[in-house]
Amino acid sequence: MPTESDTHYDPSLGNKFIFVTGGVMSGLGKGITAASTGRLLENAGFDVTAVKVDPYLNVDAGTMNPFQHGEVYVLKDGGEVDLDLGNYERFLGIDMTSDHNITTGKTYQHVIEKERAGDYLGKTVQIIPHITDDIKRRIREAAEGHDVCIVEVGGTVGDIEGMPYLEALRQFAHEEPEENVLFVHVTLVPYSKNGEQKTKPTQHSVKEVRSIGLQPDVIVGRSDEKLAPETKEKIALFCDIPTEAVFSNPDVEDVYHVPLVVEEEGLDQYVLERLGLAEDALPQGQRASEWREIVTCEKTGTVEIALVGKYDLEDAYMSIHESLKHAGFELGVDVETRWVDADEMADRHVERLREADGIVVPGGFGMRGTEGKIRAIEYARENDVPFLGLCLGFQMAVVEYARNVLGYEGAHSAEMEEDTPHPVIDILPEQYEVENMGGTMRLGEHTTVIEPETLAYELYGDTSCTERHRHRYEVNPEYFEDFADEPFVFSGTAGNRMEILELEGHPFFLGTQFHPEYSSRPDDPSPPFVGFVEAVLERTGAGRDADTEVTV
Ligand code: GLN
């Protein structure tokens, strides 16, 4: 009977691990710091992957409220995960799977299932070694086949939930040769009233890390400005690491500039040397510089996009914000996205929308805000304002057209109004039974067939596209024929599922049942977003004021 620590991983493969913890407070951007370091290691020629540890008891992020946790990010394999994984995918240019998100729920569920199946042969099942072994196994498996694996532990050192993970990392480091594991601790360096950088919170948090048996190899101080040399020295002295191992990570105007700052500080080079990778790395002058060129590209102006959603929280629509920015990199324009409260749209929608150059209606669940979204779509359709509808935004575009063009009074999605006389959006007939048994969501990557000579075809340049999904409802097949007349076109389909809609004769009116925002990358922007921003630019001329200044 194999034990939990038996894996098919061969340690002689020699993967390198960077373990990232956070101190003082959460939300410091340790994920961005870690992902930026990873990007630089990639630029130096290494294959990098990442694991995000979320110490909460939820098995996955699927049921979590975006207002509390930010958006639910969807992976290729349908995994519903923390939005930090989106950052890793965007910064590293990789596609991850659910195995790259370890949660307490997942780990305990697995161990308890094994216990029920009798796999532990009557032993007492405990956090150490059974849970910690399972955590180590998951990390090793996710790292397999990659040169470097970054493991970020969510939350802050000292949180009760994080303890088993830190213990697992301690054991992990003990089992590995020293040059294979590097601990990075990211902390906050605040300022006193007279503008002095204070190191005491960092000292305390490192003390906490050490009490668990871990010693940081590298400390990254997050602050408004760079750390002063005295600050670095003080941190080094009190936290018992060389001064060269203390790095600044000051605030920047754009997260995509963090790799540039990290490189300037020399963090990547220090990590390469410490992990014994420096000799195999590309010489500094030959490292990939595409990222720098993209994120510092000249901008010829600014466009303003209205995002008509439920949540007044940028994180709740993070991938959409990022995708619009990526399109901006491609087209050399700053894209400013402003949230417009879908709830408040009913009366004042026109003035809110008039200020915008384009309108995006994002995904969502539940009735709240849907009437406002429908009004925004009506406004975009009637006034030739570029419109991009994503998932629920696509569904509401179908509802809007049914109500206001086809004249189906009271048309709606059955999700919002069970008794609507015209359920133009509904559960597919074949799904009904499954739904009654607890419901299934259509998740992850699926292929859409694209009609030639349509806007969708022009955007994707292909007769198909493969994008990520997260929805339960669909366009109701009983109404397909009603939508068969111009200018309305379903230009993308997957069997009897409608995937893309567009309006002929409109400058840009596109809805997608899928979520293109999850596969957009700074260096590989999503076609619907590029097309949308391009249409916005055409409408506004070259964008608003020219502002070519780039600050790093
Ligand atoms: N609530 C809709 C559905 O379940 C749309 C989901 C979404 O926008 N992600 O089909």
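Observations on the model:
- Principal-axis tilt of helix 229-239 within the chain, Cα atoms, nearest 10 degrees: 70
- Rounded to 5, percent antiparallel among DSSP beta bridges of the chain: 35
- With a threshold of 21 Å on the Cα-Cα distance, the over-threshold entries among LYS200/LYS232; LYS16/LYS325; LYS76/LYS106; LYS30/LYS200; LYS193/LYS226 are LYS16/LYS325.
- Amide H within-cut-off set for LEU428, under 5 Å, with H built and near neighbours excluded: GLU474
- With the charge dipole of the chain set up from +1 on Lys and Arg Cβ and -1 on Asp and Glu Cβ about the Cα centre, the Cα lying farthest toward the positive end among the listed residues ILE131, VAL184, PRO229 is that of PRO229.
- Segment 313-450 shape via C-alpha gyration tensor axes, a/c threshold 1.5: oblate
- With a simple spin-label model that places each label point 7 Å from the Cα along the Cα-to-Cβ direction, the separation between ASP254 and GLU290 comes to 1.7 nm.
- Spacing of the modelled spin labels on GLN109 and VAL350, each 7 Å from Cα toward Cβ, amounts to 5.0 nm.
- Rounded Å value of the spacing that divides the Cα centres of segment 444-470 and segment 79-145: 33
- Overall dimensions of the chain as given by Cα atoms, namely Rg and Dmax in Å: 25.1, 74
- Fully extending the segment from ILE128 to CYS297, taken as 0.36 nm per residue of separation minus the present Cα-Cα distance, adds 55.8 nm.
- Sites excluded, GluC sites (Glu not before Pro) in DSSP loops with at most 11 other C-beta within 10 Å, longest stretch of the chain: 1-252
- Packing-based exposure ordering (other Cβ within 10 Å, fewest first) of LYS325, LYS114: LYS114, LYS325
- Within segment 123-138: backbone nitrogen closer than 18 Å to the ARG116 label point (7 Å, Cα to C-beta): 123, 125-126, 131
- Less than 5 angstrom separates the built amide H of VAL340 from those of LEU307, VAL308, GLY309, all sequence-distant by 5 or more or on a different chain.
- Extension gain for SER26-TYR191 works out to 57.7 nm (0.36 nm per residue, less the C-alpha to C-alpha distance).
- Förster radius 51 Å - calculated FRET efficiency between ASP485 and ASN65 (Cβ-Cβ, nearest 0.05): 0.80
- Rounded to whole Hz, the Karplus (6.51, -1.76, 1.60) HN-Hα couplings of segment 378-385, x for glycine and proline: 4, 4, 5, 5, 6, 9, 6, 8
- Hz values of 3J(HN,Hα) by residue in segment 477-482 - Karplus curve (6.51, -1.76, 1.60), Gly and Pro given as x: x, 4, 9, 3, 4, 5
- With a simple spin-label model that places each label point 7 Å from the Cα along the Cα-to-Cβ direction, the separation between ASP384 and SER464 comes to 3.7 nm.
- Fewest-first ranking of VAL53, VAL258, using other Cβ atoms within 10 Å as the exposure measure: VAL258, VAL53
- Under the criterion of Cα pairs below 8 Å and six or more residues apart, the relative contact order for the chain equals 15 percent.
- Placing a label point 7 Å from the Cα of VAL405 along the Cα-to-Cβ direction, the residues of segment 495-517 whose backbone N falls under 20 Å of that point are 497-514.
- Less than 5 angstrom separates the built amide H of LYS16 from those of VAL148, CYS149, all sequence-distant by 5 or more or on a different chain.
- Rounded, prolate or oblate (a/c below 1.5 giving rounded, otherwise prolate when a/b exceeds b/c) for segment 123-169 by Cα gyration tensor: oblate
- Using θ = phi - 60° in the Karplus curve 6.51 cos²θ - 1.76 cosθ + 1.60, the 3J(HN,Hα) couplings for segment 142-152 round to 5, 7, 3, x, 10, 6, 10, 10, 8, 10, 9 Hz; x is entered for Gly and Pro.
- Going from the residue with the fewest nearby Cβ atoms within 10 Å to the one with the most, PHE508, PHE480 rank PHE480, PHE508.
Values quoted throughout were computed directly from the atomic coordinates according to the rules given, and no laboratory measurement underlies them. Computed from a predicted model, the values in this text were never measured in an experiment. Note that each Cβ is placed from the backbone with ideal geometry, even for glycine, and that neighbours are counted across all protein chains shown.
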